[in-house]
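Novice: Could you have a look at this structure, given as structure tokens, before my questions?
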Amino acid sequence: MTLDADTIRHMSETSVSIELETEDMTLNIGPQHPSTHGVLRLVARVDGERCFDVRPVIGYMHRGYEKLSEVRTYPQITTIVNRIDWVSGYANEVPFIVAAEKLMELEVPERAQYIRLILTEMARISSHLVFNASYPLELGAATPLFFALRERERVLDLLESVTGGRFHPNFNRIGGVKPAYASGSQTRKLAQDLPAGFLQETRDAMDKVLTAVDELEDLVAGNEIILARTKGVGVLPPEVAVAYGVSGPNLRASGVAFDLRKTEDYLPYDRFDFDVITGENGDCWDRWHVRLQEIRESVKIIQQAVDSIPSGDLQAKVPKVIKVPKGQTYVRAENPKGEMGYYLVSDGGNGPYRLKIRSASFSNISILPWILEGILVPDIIAVMGSLDFVLGDVDR
Amino acid sequence: MPGWVTDLFSNFWVSLGGKLLLVALMIPLVGMIIGFAEMKLSAKMQARVGPYFAGGRWGWAQLIADGVKFFQKEDIVPTDADRPVFKTAPMLVLVGTVALLVVIPFGPNLIFRDLDVGIFYALAISSLSTIGILMAGWSSANKYSLIGGLRAAGQLIAYELPLVLAVVGSVILAGTMSMQGIVQAQIDAGYPFIIFQFVGFGIFMIASLAELSRIPFDMPIAESELVMGYLTEYSGFRFLFFFLAEFANMFTLSAIAATLFLGGYWLPGVPEDVLAYAGPIILIAKVFLLVFAMIWFRWTFPRFREDQLQRLAWMWLVPLALINITVTAFLKVLL
Amino acid sequence: MTSSPSDTETHDGGAQETEAPEHPLQGFADRVAEAVGGSPEIQFDTVKVRIPAEGWVAAHQTARDDLDLVFFSWLSAIDWSNQVEAGDPLSEEVEERIELMTALSNVTDGDLVVMSTDLSHESPTIPSLVDVYAGADWHEREAYEMFGIQFAGHPNLIHLYLPDAFVGNPLRKSYPLLSREVKPWPGAVDVEAMPGRNGSDEPSTENPEA
């Protein structure tokens, strides 16, 4: 079915004539809408409560990252890249930095890698807690929002104490992480490590997060209405998911046990013991459940990392002006939303020749036309919420 | 009471004026109190504080401030809207609520008018709000409102039936449809009817939540999907009507439930002459309990989908209510 | 992170390498290249297989069916051009072309291969991959609007991000970055040193050993 300009702009109304012939209605959901996670527009043709054709219209948030990265130097790109998926800010920087370090053939100190890993897992907890806050709200339950966001504040406080920023930490540097400086003129020239007491605070916060996850599970998981709204709704078969490039918890909820933390070596995940959570049916319930359990796994990883973090430098020796030698590489990472990857084409200059950003939510919502076919209007919201996308990630 | 007061109020017009004034005062007052209770209670359930700044540390003036705010807003009517229908809809919804107050007994002699068909009248007049909601949804010239209005039509009509049927059990036990008569029957029997009519009570509470369009039955409003459903285009003064109507309706439906099932203004062990003064307080205490339950449900549950909602009404509540009536009738005849 | 050589398998039947140990992905790369008829190379842990443009769709079909590379990660292009309007030009001259790339992976070990082919610089056309991988739909639309690549057989080749009336292909090297036209880069602010902690004007102390 082609959607030309007239079809999209045509606002037909339901009309009842003597023969009870009704027309279908074209409903615009978005771009300003409480539930579209940003400026996403869905053009839906509905017949009563059932919609039979949904076309997403994206691009309202296109900021031109790939073109922008061609005119920036590597440290500058680090500052802008964490705004792609702003809910899990720190996790966006890591694969880019790893790609640049790969081309420079740098050995990143162990301590820096551990810090990166801890902060990435905190970003994952933060992102999944936002999901747990907003998804029940879209179904109508307003209370888990407050509980989940309250716990998220603990994680954000930890992130802030280390990096100085809650959402856009900008903490990675080529070769390691930013050497944190203490305040005061005396210690200005000394590199100071993680703030004092950070490791113990992390341990305490992780215990509280675990308790909160139990609470959330009690509040939401057993609720019959939530089960009725999410079980069997929006089923995504695994073959369709992989063909569209759906990744992350969405793919794992469909039963495919594929976690890039286990298969890639951008961070030392192989030293830690954690499970890959999968779902059974690939419906909205499974997607919710996988994300909730992943918070527990992330807490496990953080607890192990905090107990075994080695001492050492925070950054390898790099020249003041970073020039990355010629080469091409693709580094993919398991971001909270899915697979995030950077294909870096470098020509030996200050900045990349081409940076292709593979963002998770772009592929995740490309299945919307497929999955929303023949679905009821309230279920559109349930399915969209369960895919957990962010428009910055979609549009870059 | 001094003689001149009773003489004054025995004049029909004066007593009518007095009653109208009382109703006109009660509705906003009740609406504001319940609204404030909702804000504070929901805050407590959500680890928040709620209104804090308006009127000292308790924030009791919050709703007064909200009322004034709504009053002084611009009256916006969408260009394509059907103006007379658009303007009348909120009034109809409010009328449906206010008219219910007429038959609620606050004490042995404290009722606006004790109709013989009290409960029948109450249920019939509360359906007037349904028409008001439909009018609001249609006349707003907005697709979201239309969908909200259609959902409201389906839901409210579907839940009228369980509401009515649930009440019949109590009526059978009381033997009369007059509200005062029902309370008197409970006083004579010595126990509130909920002891035997718990099924009816449960159905009535669920159906009244649906009639109020509150979560878990707020598909017509469905904030996260339809912006505000049939209320989307209403702002200012007219929105205030809807807003107040919802809270006042909570009060009136809970009062009807308290009267029919919980014994109304009577508590076991309270002597008759005290009831004339303590009656309203007892009734309001029971109403507050029920309203608290409604607020609790709202903030705990998500919302039903439209078809699940309809399935609940037609396949569960209606058969249960019919069984309840049959069993009650049998037992009444046999015992 | 450096690429760590592994001492596990050699896929060429047991003959030991006398020079540097083989890259762990070499076997995978050779297998893919042989099946789709292209030439492999491994750059910095990324397996890349170059395919002639005629065999593009068939190669992907083989990859999906025979090599179990069912996960469609992304599709994009690189504009190899000697004239650049925004950014730095290439250090040495290249043959001007549009290089189209897809990244495919399996969902068991995460082996990823980047398939690449070269298209003409002026009017790149290639058959669409939507029949092989349904996810190519949106990626091809993005490549169409950003680079001007025509995908033959695509059901809905219209703009994805950009407004319908937009003219031009932004990611081409010949497309200028308009804000640079207005304000030259780097601006004066950007070469100024970061102020010191007490407001003094000393340079940044970020890499003291550098």
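Novice: So is A:ASP207 among the acidic types (Asp, Glu) and at pLDDT 90 or above or not?
Specialist: yes
Novice: In the stretch B:266-283, which residues are at pLDDT 85 or above and closer than 22 Å to B:ALA166 by Cα?
Specialist: B:LEU283
Novice: Within the stretch C:140-161, take every residue that is under 17 Å from A:PRO369 (Cβ atoms) and more than 8 Å from chain A (Cβ to nearest Cβ) and give me the one that is farthest from the chain's Cα centre (by Cα).
Specialist: Per the criteria, the residue is C:PRO155.
Novice: Does the stretch C:163-172 hold any residues that are at the interface with chain A (Cβ under 8 Å from one of its Cβ atoms) and buried (at least 18 other Cβ atoms within 10 Å of the Cβ), and which are they?
Specialist: Within the stretch C:163-172, C:PRO170, C:LEU171 qualify.
Novice: Going by the conditions given, is B:ILE76 in contact (Cβ under 8 Å) with a residue 60 or more places away in the chain and over 18 Å from B:ALA255 (Cα atoms)?
Specialist: Judged against the criteria, B:ILE76 is a match.
Novice: Exactly one of these conditions fails for B:TYR265: (1) assigned to a helix (DSSP H, G or I); (2) touching a residue at least 40 places away in the same chain (Cβ under 8 Å). Give me its number.
Specialist: Answer for B:TYR265: the failing condition is (1).
Novice: Can I ask one more? Can you name every residue in the stretch A:234-257 that is of a type outside the set (Gly, Ala, Ser), touching a strand residue (DSSP E or B) at 6+ places or on another chain (Cβ under 8 Å) and farther than 23 Å from A:GLU297 by Cα?
Specialist: A:VAL242, A:TYR244
Novice: Let me ask something else about it. As an exercise: evaluate A:LEU68 against (1) surrounded by fewer than 24 Cβ atoms within 10 Å (Cβ to Cβ); (2) closer than 22 Å to A:PRO169 by Cα; (3) within 14 Å of another protein chain (Cβ to nearest Cβ); (4) in contact (Cβ under 8 Å) with a residue 24 or more places away in the chain and give the number of the one condition it does not meet.
Specialist: Looking at each condition in turn, A:LEU68 falls short on (4).
Novice: Now for a different question. Please find, within the stretch B:177-215, the residue that is nearest to B:LEU312 (Cα to Cα) out of those that are of a type in the set (Phe, Trp, Tyr) and in contact (Cβ under 8 Å) with a residue 40 or more places away in the chain.
Specialist: The qualifying residue nearest to B:LEU312 (Cα to Cα) is B:PHE204.
Novice: Of the residues B:LEU115, B:LEU20, only one is surrounded by 14 or more Cβ atoms within 10 Å (Cβ to Cβ) and under 23 Å from B:THR259 (Cβ atoms); which? Walk me through it before giving the result.
Specialist: Values: B:LEU20 fails: surrounded by 14 or more Cβ atoms within 10 Å (Cβ to Cβ).
Exactly one residue qualifies, and that residue is B:LEU115.
Novice: Hey, among the residues in the stretch A:309-321 that are within 10 Å of chain C (Cβ to nearest Cβ) and of a type in the set (Val, Ile, Thr), which one's surrounded by the fewest Cβ atoms within 10 Å (Cβ to Cβ)?
Specialist: Ranking the candidates gives A:VAL321 first.
Novice: Among what's in the stretch A:71-82 and is in a helix (DSSP H, G or I) and among the hydroxyl-bearing types (Ser, Thr, Tyr), pick the residue that is nearest to A:ARG173 (Cα to Cα).
Specialist: A:THR78
Novice: Please list, ordered by first then second residue, the pairs with beta carbon atoms under 7 Å, 6 or more apart or interchain, first in the stretch A:295-313 and in a helix (DSSP H, G or I), second buried (at least 19 other Cβ atoms within 10 Å of the Cβ) and of a type in the set (S, T, N, Q).
Specialist: Between residues of the stretch A:295-313 that are in a helix (DSSP H, G or I) and residues that are buried (at least 19 other Cβ atoms within 10 Å of the Cβ) and of a type in the set (S, T, N, Q), the close pairs are A:ILE302/A:THR202; A:VAL306/A:THR202.
Novice: Does the stretch B:86-108 include one or more residues that are over 27 Å from B:PHE239 (Cα atoms), at pLDDT 85 or above and buried (at least 17 other Cβ atoms within 10 Å of the Cβ)?
Specialist: Checked the stretch B:86-108: at least one residue is over 27 Å from B:PHE239 (Cα atoms), at pLDDT 85 or above and buried (at least 17 other Cβ atoms within 10 Å of the Cβ).
Novice: For the stretch B:280-308, give me each residue that is at the interface with another protein chain (Cβ under 10 Å from one of its Cβ atoms) and either more than 21 Å from A:PRO136 (Cβ to Cβ) or surrounded by fewer than 21 Cβ atoms within 10 Å (Cβ to Cβ) (or both).
Specialist: B:TRP299, B:THR300, B:ASP307, B:GLN308, listed by residue number.
Novice: Looking only at strands (runs of 3 or more DSSP E) that fall completely inside the stretch C:64-152, which ones have 3 or more residues that are among the aliphatic types (A, V, I, L, M)?
Specialist: By residue number, C:71-80, C:97-105, C:112-119.
Novice: Continuing with this model, one more query. Can you tell me which of C:GLY37, C:GLY14 is surrounded by fewer than 16 Cβ atoms within 10 Å (Cβ to Cβ), at pLDDT below 80 and within 20 Å of C:LEU100 (Cα to Cα)?
Specialist: Criteria check complete, one pass: C:GLY37.
Novice: Among A:TYR60, A:TYR74, which is away from chain B (no Cβ under 14 Å) and surrounded by fewer than 21 Cβ atoms within 10 Å (Cβ to Cβ)?
Specialist: Exactly one of A:TYR60, A:TYR74 is away from chain B (no Cβ under 14 Å) and surrounded by fewer than 21 Cβ atoms within 10 Å (Cβ to Cβ), namely A:TYR60.
Novice: Residues that are at pLDDT 90 or above, under 26 Å from A:LEU129 (Cβ atoms), more than 9 Å from chain C (Cβ to nearest Cβ) and outside any strand (DSSP E or B): does the stretch A:332-352 have at least one?
Specialist: Checked against the condition, which is being at pLDDT 90 or above, under 26 Å from A:LEU129 (Cβ atoms), more than 9 Å from chain C (Cβ to nearest Cβ) and outside any strand (DSSP E or B), the stretch A:332-352 yields at least one hit.
Novice: Does A:ARG63 satisfy being closer than 28 Å to A:SER134 by Cβ, among the basic types (Lys, Arg), at pLDDT 75 or above and assigned to a loop (DSSP other than H, G, I, E, B)? Talk me through it step by step, then tell me what you get.
Specialist: Numbers: closer than 28 Å to A:SER134 by Cβ: yes; among the basic types (Lys, Arg): yes; at pLDDT 75 or above: yes; assigned to a loop (DSSP other than H, G, I, E, B): yes.
Here the answer is yes, as A:ARG63 does meet what is asked.
Novice: Turning to a different aspect of this structure: Where in the stretch A:196-261 are the helices (runs of 4 or more DSSP H), entirely inside, with at least 2 residues that are without any contact (Cβ under 8 Å) to a residue 12 or more places away in the chain? Steps first, answer last, please.
Specialist: On the way: elements: A:198-216, A:224-230, A:238-244, A:249-253.
Ranges flagged: A:198-216, A:224-230, A:238-244.
Novice: If B:TYR121 satisfies every condition in (1) within 19 Å of the chain's Cα centre (by Cα); (2) more than 30 Å from B:GLU272 (Cβ to Cβ) but one, which is the exception?
Specialist: Every listed condition holds for B:TYR121 apart from (2).
The values are calculated or read from the model by the stated rules, or taken from the named source; none is laboratory data. Only a predicted model underlies this, so the values are computations on that prediction, with no experimental measurement involved. Virtual Cβ from ideal backbone geometry, glycine too; neighbours counted across all protein chains shown.
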